[in-house]
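Every number in this text was worked out from the coordinates using simple rules, so none of it is lab data. Every value quoted in this text rests on a predicted model; they were computed, and no experiment measured them. Using ideal geometry, Cβ is built from the backbone for each residue, glycine included, and neighbour counts are taken over all protein chains shown.
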Amino acid sequence: MTTRLPHEKGFHISWDQIHRDARALAWRLDGKGPIEGNWSAVVGITRGGLVPAMIMARELDIRTVDTISVKSYNHQSRTEPHVIKPPQADIMGADGEGVLIVDDLVDTGRTLELVRSLYPKAHFATIYAKPMGVPMVDSYVTEVSQDTWIFFPWDMALQYVQPYRGTDA
Ligand SMILES: O=P(O)(O)OC[C@H]1O[C@H](OP(=O)(O)OP(=O)(O)O)[C@H](O)[C@@H]1O
Ligand SMILES: Nc1nc2[nH]cnc2c(=O)[nH]1
Ligand SMILES: [Mg+2]
């Protein structure tokens, strides 16, 4: 089934902003892993989780980085999430304990619900969160309202905008 979501507002994120926010999340999780404070690996949920996962792995000095590919949306229409590519089994262990699973945002929470069912003991971190998805995420930086669509820098380009006061009559 495909659902069209009403998005009243747009929240536009720059490269600089997501870099700062991913660093803030890494700072918060530094030393909080279950193995003497360490995390064993960072796993990014593709595609949106790749940029935050890379920044966090860099900040936390984690070289074991993998991906899980979950597809949930076609443009702004939601479809049933499904795993296209799993991470390496020996990185995840039996239940994901010690692994930091990172995504750019949680919206309805259905992507994380699916990944959580596979790796229940992993730590789930997103940069942005909408209220419906908050119960599915362990750590996040900024909450936005459910009717907001978040635009990421990789989906945008610099463009001319008209001044508020037009010059031509
Ligand atoms: O909480 P949910 O309602 O499940 O939505 C959140 C997911 O939706 C987006 O991914 P998408 O499936 O659009 O794929 P992409 O990361 O490849 O853009 C986003 O990057 C999250 O992974
Ligand atoms: N870019 C983007 N992808 C999403 N997937 C689910 N919600 C969103 C959102 O607000 N922005
Ligand atoms: Mg995604």
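Numbers for the structure displayed
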| read-out | value |
| --- | --- |
| Test: PRO6 is in a loop (DSSP other than H, G, I, E, B), more than 12 Å from ligand 1 (Cβ to nearest atom) and more than 21 Å from SER145 (Cβ to Cβ) | no |
| Of all residues in region 133-152 being more than 10 Å from ligand 2 (Cβ to nearest atom) and free of Cβ contacts under 8 Å to residues at least 60 places away in the same chain, the one that is nearest to TRP15 (Cα to Cα) | GLU143 |
| Of residues in region 106-126 being touching a Pro at 6+ places or on another chain (Cβ under 9 Å), under 24 Å from ILE35 (Cβ atoms) and outside any helix (DSSP H, G or I), the one farthest from ligand 3 (Cβ to nearest atom) | LYS121 |
| Filter pass, ASP155 being under 23 Å from PRO6 (Cα atoms), within 13 Å of ligand 3 (Cβ to nearest atom), free of Cβ contacts under 8 Å to residues at least 40 places away in the same chain and among the acidic types (Asp, Glu) | yes |
| Conditions (1) over 17 Å from the mean Cα position of the chain (by Cα); (2) away from ligand 2 (no atom under 13 Å from the Cβ); number of the one not met by GLU8 | (2) |
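Table: residues versus (1) among the β-branched types (Val, Ile, Thr); (2) within 14 Å of ligand 2 (Cβ to nearest atom).
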site	(1), (2)
VAL70	yes, yes
TYR73	no, yes
SER77	no, yes
PRO86	no, no
ALA89	no, no
ASP104	no, yes
ARG116	no, no
TYR119	no, no
HIS123	no, no
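For every residue, the table says whether it meets (1) closer than 19 Å to ASP138 by Cβ; (2) of a type in the set (Gly, Ala, Ser); (3) surrounded by 13 or more Cβ atoms within 10 Å (Cβ to Cβ); (4) free of Cβ contacts under 8 Å to residues at least 24 places away in the same chain.
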{"residue": "ILE13", "(1), (2), (3), (4)": "no, no, yes, no"}
{"residue": "ALA26", "(1), (2), (3), (4)": "yes, yes, yes, no"}
{"residue": "ASP30", "(1), (2), (3), (4)": "yes, no, yes, no"}
{"residue": "TRP39", "(1), (2), (3), (4)": "yes, no, yes, no"}
{"residue": "VAL42", "(1), (2), (3), (4)": "yes, no, yes, no"}
{"residue": "GLY48", "(1), (2), (3), (4)": "yes, yes, yes, no"}
{"residue": "ILE62", "(1), (2), (3), (4)": "yes, no, yes, no"}
{"residue": "LYS71", "(1), (2), (3), (4)": "no, no, yes, yes"}
{"residue": "ARG78", "(1), (2), (3), (4)": "no, no, yes, no"}
